[in-house]
Each structure stands twice: as C-alpha cells, then as structure tokens.
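**Student:** Attaching a single structure in structure tokens format; questions to follow.
The values are calculated or read from the model by the stated rules, or taken from the named source; none is laboratory data. Keep in mind that what you see is a predicted model, and the values were worked out from it rather than measured. Note that each Cβ is placed from the backbone with ideal geometry, even for glycine, and that neighbours are counted across all protein chains shown. Note: accessible area is taken over every heavy atom of the protein model, side chains too, but ligands, DNA and RNA are not part of it. Shrake-Rupley method; radii C 1.70, N 1.55, O 1.52, S 1.80 Å.
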Amino acid sequence: MDFVAALQDLTTDRLRERGSLKWTVPGPDQLGAFVAESDLPMAPVIRAALDDALDRGLTGYLPPATSEVAEAACADFQRSRFGWQVGAEQVHLLPDVLAALSFSASFIFDTRLPIVLPTPAYMPFLDLPGVLGRPLRTVPMERVSGRYSLDPERLGQALAGGGLLVLVNPHNPTGQVATRAELLQIADVVERTGSVVFCDEIHSPLVYYGSRHIPYASLDDRTAAHSVTAVSASKGWNLPGLACAQLILGSREQRRRWDEAPMVARHGTSPLGAVAAAAAYSPSGVDHLDQAIAYLQSGRDLFAQAVATRMPHVGYTPPAATYIHWLDLGGTDMSAAELTERSGVLGTDGTDCGATGFMRLTLATTHAVIADAADRLAVALSR
Ligand SMILES: Cc1ncc(COP(=O)(O)O)c(C=O)c1O
C-alpha cells in the first residue's frame with residue numbers, strides 16, 4: 001500500500017489501538033499532541049532490516065560491525081543531504097540526543113563551563129543542566145515579525161567568560177530553520193567569548209521545501225573546531241524507542257576524548273536502533289523520508305490555513321521544519337492550560353519551554369486528525 005493510502009485508512013480508533021504514548025495518555029475524547037512521536041508509516045526498508053535483525057537474534061549488546069554500518073550511513077547522509085563532508089570515523093553512537101549532550105558536557109568540553117540555552121526551548125534542556133550539576137543561563141530570543149532571533153549582545157553577555165551553548169537547529173519549539181547569516185553571527189559571538197557549541201540537529205531531516213538546513217559545523221574551520229553535533233533518525237523516521245543517536249565530533253582532540261571517556265558513558269545504544277538508523281539513512285529510507293516530508297508539509301499547510309481563517313487572535317508562523325507548531329496565545333484570553341482543557345487537544349504549555357502564554361503542538365499525524373485538532377482548537381477559542 002502506498003504512503004498516502006496507508007494514512008487514509010488510519011482511523012483514530014486504529015491509532016489508539018496501537019498503544020503508543022501519544023495515543024494512550026489522552027482520554028478517549030482527547031487528542032495527544034504533546035510528544036514528538038509520529039503516526040506516519042514505518043519505512044519498509046527499516047521494517048525489513050529490523051525483521052532480519054530479530055531473525056538473527058540481534059537483541060544483545062551492540063556489536064562493533066553493526067555500529068560501524070550505522071556510523072558510515074549517518075556520515076553518507078550528512079554528505080549527500082547537506083553537503084557536509086563528514087567521515088564515518090567522526091560519528092559515534094549514543095542512545096539518544098540528551099545522552100549526547102550529557103556526554104559532551106561531561107567528557108568533550110570543559111566541565112566548568114555554564115550551559116547557555118536560548119528560550120523558548122525543548123523542555124528537558126531546561127532541566128538537564130541541573131541534573132548534571134551545572135549552572136544554566138537562559139537567553140530569551142527576540143521575536144520580530146514572527147521570526148525569533150538571538151540578539152548577539154545578549155548572547156555575548158550569557159557566554160561572557162566562556163560557555164557551552166546549546167544550539168537547536170531546526171528549532172524546537174518554533175520550527176525555524178536558521179539562515180547562514182544567523183549561524184555566522186552566532187559563530188562570531190562564540191569565538192569572541194571562547195565558548196563552545198553543542199548543536200542539536202535532530203530535526204534536520206524534516207526540513208520543508210523552500211528552506212535549507214545548514215549544519216553549523218559545516219560553516220567554516222572555526223565552527224568545526226568549537227562544536228559537536230548530535231543527529232538522529234529518531235524524528236525523521238520515528239525511531240526514538242530504538243535508542244540510537246549519533247554524535248559527530250569535529251577535531252582529533254574531541255575524538256581522543258571520546259576514546260578516553262569511561263566505557264559506561266559511551267554505552268547503551270541499542271543494536272536494533274543502529275540497524276534501523278542505517279536503513280533510515282539508506283537511499284530507500286531517504287525516499288520514504290521525502291514522502292513523509294511532502295505529507296507533513298501539506299498537513300502543516302492545512303493547519304496554517306485553519307489558524308489563519310478560524311483563529312485570528314492566535315499568533316502563528318508555520319514551521320519551516322518539523323511537525324512542531326508554536327502558538328502564541330497572547331492575543332486570546334486563554335492560557336495554554338485552559339485551551340487544552342476546553343479543546344481536548346493535549347499540547348505542551350509554553351511555560352515548560354520557558355515561554356508563558358504559548359502552546360506547543362506536535363502534529364505528525366494524519367490530515368484527518370490535524371483537521372480535527374484544528375477544529376477543536378478553533379471552537380474552544382471562539383467560546
Ligand atoms: C530538539 C530535540 N532534541 C532532543 C530530543 C530528544 O531526542 P532523544 O530522544 O534522541 O533524546 C527531541 C525530541 O523531541 C527534540 O525535539
């Protein structure tokens with residue numbers, strides 16, 4: 001069955017029967033839009049690779065040969081998709097992107113550096129520095145004509161004396177894709193303050209037509225030397241439960257630190273995740289991704305149309321990447337909690353992202369569910 005036909009058959013009842021997190025936490029009259037999980041079909045090449053791995057009993061610890069195949073596939077994808085000349089020897093596997101940040105903060109970069117985070121932000125990034133026992137400095141982004149940007153002066157103040165900047169691009173929750181000029185401006189501040197960057201590019205596979213993802217480390221020699229980059233097939237191909245992210249290291253020095261880090265800190269990637277990631281980054285995995293992008297983009301357009309015509313007091317810029325939508329409720333008289341309560345659409349309160357008065361929705365689902373969510377929100381806001 002082709003991609004779109006498979007989605008047309010997918011009723012809400014069938015989605016609930018699947019038992020995923022986003023469909024089991026909401027009550028029977030609610031819709032889940034709080035977690036970055038996707039309802040889109042799994043790529044057949046990933047399914048076949050997983051079936052084969054299970055047939056071979058690959059449920060133990062990660063064998064080096066399996067790891068190497070995933071590392072090479074990740075490097076190939078970065079080269080062919082984004083023109084970033086990554087070698088397989090630069091890629092290292094870790095269970096997830098949060099583990100990659102913990103690892104980088106603890107073993108790659110100077111452990112005395114404060115962690116600097118632009119807000120609004122992906123919620124766990126606000127808590128992780130505390131868990132690591134590290135100071136957190138947040139930098140509120142400025143919003144001009146619907147576009148968020150980092151003011152170089154404010155960023156410079158937060159990074160004064162050196163800091164570890166967490167740079168998420170494409171951005172969660174705004175769905176923005178940074179331009180070359182924006183990235184270069186950040187790079188200048190990072191260099192001037194003697195800082196380093198953890199680039200979270202987990203959403204880079206999901207960039208819509210009309211925008212282009214530029215890996216930060218690919219900009220120039222400075223950014224390659226002062227950053228590490230975490231990527232994963234977990235969002236583009238919906239594989240977060242399989243626990244395999246990739247940390248791409250720039251310099252030889254960083255790779256030496258990887259080699260010298262304790263085994264326990266480099267451990268825990270699932271062999272099934274590595275098999276799935278290698279299949280995701282293969283040519284047929286990428287074909288599937290392109291179909292997913294086309295479908296998600298038309299779902300985004302459908303939602304954007306509904307906001308424009310039926311929710312005139314909501315501030316909204318359609319995402320240029322990701323299925324994450326960021327609604328400014330400042331012009332309405334409703335908080336995110338009230339809107340959730342009245343609409344039955346379970347989103348994330350912007351307060352949890354460091355920005356009160358906003359609501360974050362993840363809409364990686366069928367067009368029918370997106371239309372239903374938009375309708376519920378419009379009705380709740382018009383009461
Ligand atoms: C920007 C961003 N970073 C990291 C993650 C978490 O990824 P992982 O499950 O690989 O830690 C997410 C998940 O939604 C995300 O949106």
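**Student:** Restricting to segment 88-108, what's the tally of residues that are open to solvent by less than 30 Å² (accessible area, probe 1.4 Å) and away from the ligand (no atom under 12 Å from the Cβ)?
**Tutor:** The qualifying residues number 6.
**Student:** Of R56, R81, R143, which residue is open to solvent by 40 Å² or more (accessible area, probe 1.4 Å), basic (K, R) and either farther than 26 Å from A178 by Cα or within 14 Å of the ligand (Cβ to nearest atom) (or both)?
**Tutor:** After applying the criteria, what remains is R56.
**Student:** Given the criterion open to solvent by 50 Å² or more (accessible area, probe 1.4 Å) and at pLDDT below 95, identify the matching residue among R376, R383, R342.
**Tutor:** Residue meeting the stated conditions: R383.
**Student:** With the condition kept exactly as written, say whether any residue in segment 314-332 is in a helix (DSSP H, G or I) and in contact with a strand residue (DSSP E or B) (Cβ under 9 Å, 6 or more places away or on another chain).
**Tutor:** Within segment 314-332 (the criterion being in a helix (DSSP H, G or I) and in contact with a strand residue (DSSP E or B) (Cβ under 9 Å, 6 or more places away or on another chain)), the answer is no, since none of the residues qualifies.
**Student:** Continuing with this model, one more query. Determine which single condition H267 fails, assuming it passes every other condition in (1) without any contact (Cβ under 8 Å) to a residue 60 or more places away in the chain; (2) within 16 Å of the ligand (Cβ to nearest atom); (3) buried (at least 22 other Cβ atoms within 10 Å of the Cβ).
**Tutor:** (3)
**Student:** A further question on this structure: Go through (1) within 22 Å of the chain's Cα centre (by Cα); (2) in contact (Cβ under 8 Å) with a residue 40 or more places away in the chain and name the single condition A306 misses.
**Tutor:** (1)
**Student:** Could you list all residues from segment 227-264 that are near the ligand (Cβ under 10 Å from one of its atoms), open to solvent by 50 Å² or more (accessible area, probe 1.4 Å) and either of a type in the set (F, W, Y) or in contact (Cβ under 8 Å) with a residue 24 or more places away in the chain (or both)?
**Tutor:** Scanning segment 227-264 gives a single hit, P240.
**Student:** Of the residues that sit in segment 251-285 and are over 26 Å from D52 (Cα atoms) and of a type in the set (G, A, S), which one is modelled with the lowest pLDDT?
**Tutor:** My answer is S251.
**Student:** Next question. From L50, L58, grab the single residue that is outside any helix (DSSP H, G or I) and touching a Leu at 6+ places or on another chain (Cβ under 7 Å).
**Tutor:** That would be L58, the only listed residue that is outside any helix (DSSP H, G or I) and touching a Leu at 6+ places or on another chain (Cβ under 7 Å).
**Student:** I've got another one for you. Quick one: which strands (runs of 3 or more DSSP E) lie wholly within segment 185-291 and hold at least 2 residues that are of a type in the set (S, T, N, Q)?
**Tutor:** 227-232
**Student:** Please go through segment 340-373 and pick out each residue that is assigned to a helix (DSSP H, G or I) and of a type in the set (K, R).
**Tutor:** The one that is assigned to a helix (DSSP H, G or I) and of a type in the set (K, R): R342.
**Student:** Among the residues that make up segment 354-364, is at least one of them surrounded by fewer than 18 Cβ atoms within 10 Å (Cβ to Cβ), on the phi > 0 side of the Ramachandran plot and more than 16 Å from the ligand (Cβ to nearest atom)?
**Tutor:** Scanning segment 354-364 turns up at least one residue that is surrounded by fewer than 18 Cβ atoms within 10 Å (Cβ to Cβ), on the phi > 0 side of the Ramachandran plot and more than 16 Å from the ligand (Cβ to nearest atom).
**Student:** Among the residues of segment 59-71, which ones are open to solvent by 20 Å² or more (accessible area, probe 1.4 Å) and in contact (Cβ under 8 Å) with a residue 60 or more places away in the chain?
**Tutor:** The answer is T59, G60, Y61, L62, P63, T66, V69, E71.
**Student:** Just to be sure I understand, how many residues within segment 303-339 are open to solvent by 10 Å² or more (accessible area, probe 1.4 Å) and either under 22 Å from P124 (Cβ atoms) or of a type in the set (D, E) (or both)?
**Tutor:** 5
**Student:** State whether the residues of segment 7-16 include one that is of a type in the set (A, V, I, L, M) and within 27 Å of P124 (Cβ to Cβ).
**Tutor:** Yes: one or more hits.
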